[in-house]
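Student: Dropping a structure here in structure tokens format, bear with me for questions.
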């Protein structure tokens, strides 16, 4: 059974709807499909959130929950990946530059929010079943893997489903990156810097959430 939509999920839905509405207006006004890829990329960003949402309903850490975590991790980079779509932003008359700016920034914000929300759900689930030190390691590892996944997705053009459609090519490329890191400094530079940026944003928002909770509890 589909659980009731939470206040956070309502805001996520509103935020995504805002971006899609702007995109629809742009398509209607220009009769062109510029930026239509945001519709697909936002769908892909929702997928890891749906995995983590389902995971929160699991009572124990068994086979089903492990499969949900694996599915979440596979698609997790698709959410913050949307940040890199900012590369496509440029002035495209007759649409005002500010209008397109709202599309690309709101889409990037949605991807970031979906990624953070899904990671929080996974962290909450793991915290109920394993020791805190392993939870922290899992969170940090997922951020690094996310950065790596974004790099190979954006610059090497791999997709999440390539683990099924092109497993040998993906494994060979990743093995080369890991075994010979000195030859791939750009990859690892991006990977760890993106993980650091994502981590700063993630722990800042988590600290703000805890601060609000504590303030409410003391009043």
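Student: Listed residues 119, 101; which is surrounded by 13 or more Cβ atoms within 10 Å (Cβ to Cβ), at pLDDT 95 or above and under 18 Å from the mean Cα position of the chain (by Cα)?
Tutor: Among 119, 101, only 119 is surrounded by 13 or more Cβ atoms within 10 Å (Cβ to Cβ), at pLDDT 95 or above and under 18 Å from the mean Cα position of the chain (by Cα).
Student: Follow-up. Tally up the residues in the range 7-35 that are surrounded by 12 or more Cβ atoms within 10 Å (Cβ to Cβ) and outside any helix (DSSP H, G or I), please.
Tutor: 2
Student: Quickly run through the range 73-86 and pick out the residues that are without any contact (Cβ under 8 Å) to a residue 60 or more places away in the chain and out of contact with any helix residue (DSSP H, G or I) (no Cβ under 6 Å at 6 or more places or on another chain).
Tutor: Scanning the range 73-86 gives a single hit, 85.
Student: In the range 80-106, which residues are part of a helix (DSSP H, G or I) and over 23 Å from residue 43 (Cα atoms)?
Tutor: Residues of the range 80-106 that are part of a helix (DSSP H, G or I), as a first pass: 80-88, 97-106.
Those that are part of a helix (DSSP H, G or I) and over 23 Å from residue 43 (Cα atoms): 97, 98.
Student: Restrict the check to the range 55-77 and report whether at least one residue is over 25 Å from residue 129 (Cα atoms) and surrounded by 20 or more Cβ atoms within 10 Å (Cβ to Cβ). I'd like the intermediate steps shown before the answer.
Tutor: Looking only at the range 55-77, we keep the residues that are over 25 Å from residue 129 (Cα atoms), and these are none.
No, the range 55-77 has no match at all.
Student: Residues that are farther than 18 Å from residue 77 by Cβ and surrounded by 13 or more Cβ atoms within 10 Å (Cβ to Cβ): does the range 38-48 have at least one?
Tutor: First, pick out the residues of the range 38-48 that are farther than 18 Å from residue 77 by Cβ: 39.
Next, from what is left, pick out any that are surrounded by 13 or more Cβ atoms within 10 Å (Cβ to Cβ): 39.
Within the range 38-48 (the criterion being farther than 18 Å from residue 77 by Cβ and surrounded by 13 or more Cβ atoms within 10 Å (Cβ to Cβ)), the answer is yes, since at least one residue qualifies.
Student: Just for the range 51-79: of the residues that are part of a loop (DSSP other than H, G, I, E, B) and at pLDDT below 95, which one is nearest to residue 123 (Cα to Cα)? Step through it out loud before you land on a result.
Tutor: Step one: list which residues in the range 51-79 are part of a loop (DSSP other than H, G, I, E, B), which gives 56-62, 79.
Okay, now just the ones that are also at pLDDT below 95, so 56-62.
Values: 56: 10, 57: 13, 58: 13, 59: 15, 60: 14, 61: 13, 62: 16 Å.
So, considering only residues that are part of a loop (DSSP other than H, G, I, E, B) and at pLDDT below 95, the one nearest to residue 123 (Cα to Cα) is 56.
Student: A follow-up question, please. For the range 159-187, give me each residue that is within 20 Å of the chain's Cα centre (by Cα) and without any contact (Cβ under 8 Å) to a residue 40 or more places away in the chain. Steps first, answer last, please.
Tutor: Just the residues of the range 159-187 that are within 20 Å of the chain's Cα centre (by Cα), to begin with: 159-163, 187.
Once the filter is applied, which keeps residues that are within 20 Å of the chain's Cα centre (by Cα) and without any contact (Cβ under 8 Å) to a residue 40 or more places away in the chain, the range 159-187 yields 159, 161, 162, 187.
The values are calculated or read from the model by the stated rules, or taken from the named source; none is laboratory data. Since the structure is predicted, the reported quantities are computational estimates derived from the model, not experimental observations. All Cβ positions, even for glycine, are placed from backbone atoms using ideal geometry, and neighbour counts span all protein chains on display.
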